[in-house]
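Here the structure is laid out as structure tokens; the discussion comes afterwards.
The values are calculated or read from the model by the stated rules, or taken from the named source; none is laboratory data. Because the structure is a prediction, the values reported are computed rather than measured. Positions of Cβ are backbone-derived with ideal geometry, glycine not excepted, and every protein chain shown enters the neighbour counts.
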Amino acid sequence: MLAISLLAIFALSCLAHSPHSFTRNSSTPSEWNATISLTSLERQTLANDAAAQLLPAINPLTGRIDSLGFSSQDVNLAAVLALQDYHSGTHLYEKTLENMFSVYFSTHNNSFLSSLPVPPPSHGNNEDIQWGLSAFYAYRAYSNETFYNIAKESWERVSAYFVGAPSTRSVAFNGSCPTARAHLGEGLNLGAVFMYTDETSDTTVNTQTMGPFMTLSAYLYESNTSNTQYLAYANLTGNYLHRHLYNGTIMLDTTDVATCLLDKKTVLTYNTGYTLEGIAVLANLSKGADNGLGMYSDWLDTMAPAAINFPGWTGSDGIIFEENADPDNWQSGLKAVLVRGLLEARTRNPDAEWASLADDFITVQFNALLGSGTNNTYSTNWRTISNGTLDYPGSITAMDVLNAAIVTKSSDRSFSSFHEHDGNSHGGGRHRSKTTIIIVVVAIVVALVALAVIAALVIFARRRRKKRAASLRELRDFDIEEPPLPSVEPFTLAKRPLSFSTSPVKEKGMQLPHYPTLDPYSWAGIYRTPSGRSAPSSDVGTSTSAEPQEPTITQSEASAILVRLNAMLNRSPAMPVGVHRPEKDTQGGAPPPGYSDTTT
């Protein structure tokens, strides 16, 4: 039974530590609609049709849809077109994107900073670095060096606002919040990136800038590992984000490096989405290497399921409800970045314990779009039905979800799972996770039953042995050790008659007599036990006194005694070890020569 208990504990421990175990709230709520009902081709068509609605609206002279009111919508349009080709393995939008990046940059004073009228401070590094990240998506899809150079140049411009630049080696990590100055190169502020380029006195930093900066830095290093500066900056920014803007569940928005004031109220999905994407890349870079990046895997495993289940933007049905359908609200399109970040993290970690939850979360958003979209148009509110009017912000936001659906498995199965983009499926979806768990549980149950049967057989065998041993002891108890008789000297005339005691021994209600044992060599009675130990002293002995104490016996009495002794000797038990039975006399049991029975 102890073995069974130990096995059960071991099995439960293994199950609790399996990559497929549902810890950290990684199980899918039953209220979610996480079943895909369309084939892969049908999902591909939906994504293509949504993009087809947007392409005619892009102004080739400005590189954007002119009716859009926010630069974040411009940059997301470029991102979703590149990502659709990346997931599909096509080049449908390569030329369109080449023109968009070129024209947009030239019409914005050779920058990606917004020219839209916004209150000061007007321009932010967040715009530039997000365009650089979109350019890297295009480079990854087409292997076009033009896009790589755009991404690298954006990174170089923004890295000038990196706290600790140009050198990070001389920075001492001592101090918590130093006063703002030209170079904040010490203390825990190392790795922060200022957002605003035209406000030199502004010391605020935010996740919408640092998240994409960390992500693009990691991508650039991944594509060119000879430039370790990319990795160093990515790691430093990641550490700053983790230390200052991560609340243990999601990413917060803004803090001040001079005062250490933290905005704990502003909660936006894209802050967490950009960060998830970056730490997913860094976590991959840490695998199998001792490069100081070990924290990113743990961070990713903690934040991914927490972000999915965060009640500040995920409803009980699993649908993201951040903001509403107002196209004039710039925040309404940010939730697409959360889906994008989760997709990248999920793709790189197909066997993570939260992978099936990410599958289902993205599938829930996809099904929500199917229910709300009409005529290939979508609203920014995924809980309401579109009125059929083309909503550019809504369609741009929806495309991140439609793109993710391209890389799900066949719809004839009731589960979803994403694969690597090299075409080799790595599985790891909900079905495989649950199947693995079922197999493990069944194996444990079978093992426990087998051990229980073995234990029962062992116990039964032991009991049988005990019963058999008890029976043998009972049989041995009948073979009573026979106490010896007093010492007898048959040829020496005693002073008084000798008597042989037959004191009974009780054994199981039976009266058994003593049997005498004689020494064959001395013919003198000696007490012996079957074990060879000296027997207890007799109550009959010979006197050491010189004076006679008893009368002598006659010759006829001696002869009678010998006859009785001879009869006893013939029925005595086996002699003890080391004692030989006397040879049979030649007289056929008669008294020795010279003696005869006489009557007195």
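So for region 92-102 (the condition being within 19 Å of residue 379 (Cα to Cα), buried (at least 17 other Cβ atoms within 10 Å of the Cβ) and aliphatic (A, V, I, L, M)), does at least one residue qualify? No; the residues of region 92-102 include none that is within 19 Å of residue 379 (Cα to Cα), buried (at least 17 other Cβ atoms within 10 Å of the Cβ) and aliphatic (A, V, I, L, M). Using the structure shown, decide if residue 45 is surrounded by fewer than 22 Cβ atoms within 10 Å (Cβ to Cβ), of a type outside the set (Lys, Arg) and farther than 22 Å from residue 377 by Cα. When the stated conditions are applied, residue 45 does not pass them. Among the residues of region 364-390, the one identified as surrounded by 22 or more Cβ atoms within 10 Å (Cβ to Cβ) and under 12 Å from residue 53 (Cα atoms) is 378.
Name every residue in region 185-208 that is polar (S, T, N, Q) and farther than 16 Å from residue 243 by Cβ, in order of residue number. Within region 185-208, 197, 200, 201, 203, 204, 208 qualify. Restricting 236, 216 to residues that are in contact (Cβ under 8 Å) with a residue 12 or more places away in the chain, surrounded by fewer than 24 Cβ atoms within 10 Å (Cβ to Cβ) and under 15 Å from residue 162 (Cβ atoms) narrows the list to 236.
Consider region 229-263 and keep the residues that are of a type in the set (S, T, N, Q) and outside any helix (DSSP H, G or I). The one that is farthest from residue 338 (Cα to Cα) is 259.
What about residue 13, is it outside any loop (DSSP other than H, G, I, E, B), at pLDDT below 95 and of a type in the set (S, T, N, Q)? The answer is yes for residue 13.
Give the residues of region 362-397 that are in contact with a strand residue (DSSP E or B) (Cβ under 8 Å, 6 or more places away or on another chain), among the aromatic types (Phe, Trp, Tyr) and outside any loop (DSSP other than H, G, I, E, B), sorted by residue number. None; the set is empty. Only residues that are surrounded by 20 or more Cβ atoms within 10 Å (Cβ to Cβ) and part of a loop (DSSP other than H, G, I, E, B) were counted in region 306-322, giving 4.
Residue-wise test of (1) touching an Asp or Glu at 6+ places or on another chain (Cβ under 8 Å); (2) closer than 26 Å to residue 372 by Cβ; (3) among the polar types (S, T, N, Q).
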| residue | (1), (2), (3) |
| --- | --- |
| 255 | yes, no, yes |
| 264 | no, no, no |
| 268 | yes, yes, no |
| 275 | no, no, yes |
| 291 | no, no, yes |
| 294 | no, no, no |
| 302 | no, no, yes |
| 306 | no, no, no |
| 316 | yes, yes, yes |
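Listed conditions (1) over 22 Å from residue 145 (Cβ atoms); (2) of a type in the set (D, E, K, R); (3) in a helix (DSSP H, G or I) are all met by residue 95, apart from (1).
For beta carbons closer than 9 Å, sequence separation of 6+ or different chains, a first residue in region 290-301 that is farther than 13 Å from residue 236 by Cβ and surrounded by fewer than 16 Cβ atoms within 10 Å (Cβ to Cβ) and a second that is at pLDDT below 95 and among the hydroxyl-bearing types (Ser, Thr, Tyr), the qualifying pairs are 294/286.
Listed here are the residues, each with its yes/no results for (1) assigned to a loop (DSSP other than H, G, I, E, B); (2) within 33 Å of the chain's Cα centre (by Cα); (3) modelled with pLDDT of 90 or more.
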| site | (1), (2), (3) |
| --- | --- |
| 26 | yes, yes, no |
| 29 | yes, yes, yes |
| 51 | no, no, yes |
| 61 | yes, no, yes |
| 77 | no, no, yes |
| 85 | no, no, yes |
| 91 | yes, no, yes |
| 99 | no, no, yes |
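In region 220-228 there is no residue that is part of a strand (DSSP E or B), touching a residue at least 24 places away in the same chain (Cβ under 8 Å) and either under 21 Å from residue 334 (Cβ atoms) or aromatic (Phe, Trp, Tyr) (or both).
The combined condition, being more than 25 Å from residue 32 (Cβ to Cβ), aliphatic (A, V, I, L, M) and surrounded by 15 or more Cβ atoms within 10 Å (Cβ to Cβ), is not fulfilled by residue 262.
Quick check on residue 81: is it in a loop (DSSP other than H, G, I, E, B) and modelled with pLDDT of 95 or more? It is false that residue 81 is in a loop (DSSP other than H, G, I, E, B) and modelled with pLDDT of 95 or more.
Conditions tested, residue by residue: (1) among the acidic types (Asp, Glu); (2) over 21 Å from residue 67 (Cα atoms); (3) modelled with pLDDT of 95 or more.
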site	(1), (2), (3)
114	no, no, no
119	no, no, no
122	no, no, no
126	no, yes, no
135	no, yes, yes
141	no, yes, yes
145	yes, yes, yes
150	no, yes, yes
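Checking each residue in region 190-205 for being over 16 Å from residue 156 (Cβ atoms) and either in contact with a helix residue (DSSP H, G or I) (Cβ under 7 Å, 6 or more places away or on another chain) or of a type in the set (Asp, Glu) (or both) picks out 190, 191, 192, 195, 198, 199, 202.
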